[in-house]
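Structure first, commentary second.
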2 protein chains.
Amino acid sequence: MTSTKKELLLETALNLFNEHGFHNTGIDMVQSVSGVSKTTMYKYFKSKDELIIEVLRMRHNQFSEWMDTQVAEFSKAYEDKPCGKLRAMFDALHEWIQRDSFCGCNFINACAEFTDCSHPIHQLATDHKLSVQKYVQNLLEQAEIPESEALAIKICLLMDGAIVYAHTVGQKQAASIAKDMMLVLLEYTACRNSE
Amino acid sequence: MTSTKKELLLETALNLFNEHGFHNTGIDMVQSVSGVSKTTMYKYFKSKDELIIEVLRMRHNQFSEWMDTQVAEFSKAYEDKPCGKLRAMFDALHEWIQRDSFCGCNFINACAEFTDCSHPIHQLATDHKLSVQKYVQNLLEQAEIPESEALAIKICLLMDGAIVYAHTVGQKQAASIAKDMMLVLLEYTACRNSE
DNA sequence: TCATAGGTGTACAGATCTGTACACTTTTTA
DNA sequence: TAAAAAGTGTACAGATCTGTACACCTATGA
């Protein structure tokens, strides 16, 4: 029960960073919106950068769990079709994009603000993306699809493209468009390997 | 000759925004790096927001011109192949991504910092992306490929995916991977229409 | 009951940021 | 050559931001 306040701070900060960006969200804002005192805040997080890092770490865990459950749920609809989990992944993405609170991907946004690749925050984003890539590769291997690594990169590129295109131009169908592209890609791979 | 200083300011600001982000680049920094006095600066740009807007407008024009010449140049290599200009577009993207100064797309980054879709700066980014989409659609029509609008969206999604994936995980091959995906897509479209 | 851990509230130091004021110099042009 | 346009330099108002200091409150468990 000790870390209720800490979690509240992380959750509040995540929402504010989403809505206003990282540099444009002041510590004072996190403090006043959360209602937690500044002193307590600096007890848990030595600096703003550390807060950002912990927020992104939490977001990574949240996202991973969320994706897992969503994939489990959506893939039920594809029981008789191949690559159900991969399809489900894009359905999850679609659901996310439809939300009013959708502001793009926190990690992509973080890279936009912390452009230097060697910055710890940028590196955290890199780690997240590579972790998603591994996840996708795993799904491909489960489906016994060859060239899983190269394909995983392509599918991640499609997902990021969908997220960004949805956010920049408000193209709410981006995920289902990307899903179609993935299916073409999988079909093409299957054809090439059955020749 | 009147606007040399203005252009210098725009060019300097563009570089600094690229390197440090929009909110993290102070007016004082633009002033001191450009060497132009602050008074002159505020004569040309009423506020920082206006500077950002004009920088993005300039960037849009720069990018459009650059893409035109690059496509003209790179498409020479595809004279005997179909969709040379579309291939060339991804070659241009590839060249851009290889640069040391590559920091992702200014417009995607702008949306990351100005998340609200109704913000003038976000809208400028939307306009830019839709303009690129129109450009791609035009190339598709030139190549007499059907369903040009739907395909243009897909190709733009691929380009943005490549840019973002290159920036976040440092995947320098992203553009040529995306190019492969586009070719599969075009082949698929051609097959479907010849049935 | 009382030490301890966790939390509050607020003031503030010091840096930085946007934008303005004002007096001055340089360049251009008519 | 003189007026107009463009630019300089600097100080500073006022807001905001990060991070710290310090005195105080409250729950709880040994």
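Exposure proxy for A:65, B:95: other Cβ atoms within 10 Å of each Cβ, ordered fewest to most, give A:65, B:95.
Take residue A:64, push a point 7 Å out from Cα through the beta-carbon direction, and compare it with the same point in every other copy: 4.5 nm, smallest first.
Estimated translational diffusion coefficient (Stokes-Einstein, Kirkwood radius over Cα pairs, 20 °C, 1.002 mPa s) of chain B: 118 µm² per second. Label-point spacing for residue A:194 across the identical copies (point 7 Å from Cα in the Cβ direction), in nm and ascending order: 1.9.
For chain B, a Gaussian network of Cα nodes joined below 10 Å ranks B:57, B:99, B:87 by mean-square fluctuation, and the top entry is B:99.
Going toward the positive end of the dipole of segment B:99-177, with +1 on Lys and Arg Cβ and -1 on Asp and Glu Cβ, which of B:151, B:106, B:125 do you reach last? Checked the options; the winner is B:106. Note on residue B:66/residue B:150: beta-carbon distance plugged into 1/(1 + (r/R0)^6) with R0 of 30 Å gives a FRET efficiency of 0.70. Distance between the C-alpha centres of segment B:3-60 and segment B:120-171: 27 Å, rounded to the whole angstrom. Computed from backbone phi, the HN-Hα couplings of segment B:184-192 come to 4, 4, 5, 4, 4, 4, 4, 4, 4 Hz, rounded to whole numbers (Karplus: 6.51 cos²θ - 1.76 cosθ + 1.60, θ = phi - 60°; Gly and Pro given as x). Model label points for residue A:116 and residue B:119, set 7 angstrom from Cα along the Cα-to-Cβ axis, are 2.3 nm apart. Taking every lysine pair in chain B that is 8 or more places apart or spans two chains, those with Cα atoms closer than 13 Å amount to 12. Among B:136, A:71, the ranking by other beta carbons within 10 Å of each residue's beta carbon, starting with the fewest, stands as A:71, B:136. In this rough spin-label picture, where each label sits 7 Å from Cα along the Cβ direction, the residue A:7-residue A:192 distance is 4.6 nm. Overall, segment A:1-76 carries a charge dipole of about 280 debye about its Cα centre when +1 sits on the Cβ of Lys and Arg and -1 on the Cβ of Asp and Glu, all other atoms neutral.
Counted by neighbouring Cβ atoms within 10 Å, the residues B:186, A:8 run from fewest to most as A:8, B:186. Between residue B:101 and residue B:50, full extension at 0.36 nm per residue minus the direct alpha carbon distance yields a gain of 15.9 nm.
Note: relative contact order over chain A, using C-alpha pairs below 8 Å and six or more positions apart, is 18 percent. Annotation for residue B:44, label-to-label distances across the other copies: 4.5 nm (shortest first, one decimal, point 7 Å from Cα along Cα→Cβ).
Read-outs: derived from the displayed coordinates by stated rules, not from any lab. The structure presented is a predicted model; accordingly, all values stated were derived computationally and were not measured. Heads up, the Cβs are rebuilt from the backbone with ideal geometry, glycines too, and the neighbour counts pull from every protein chain shown.
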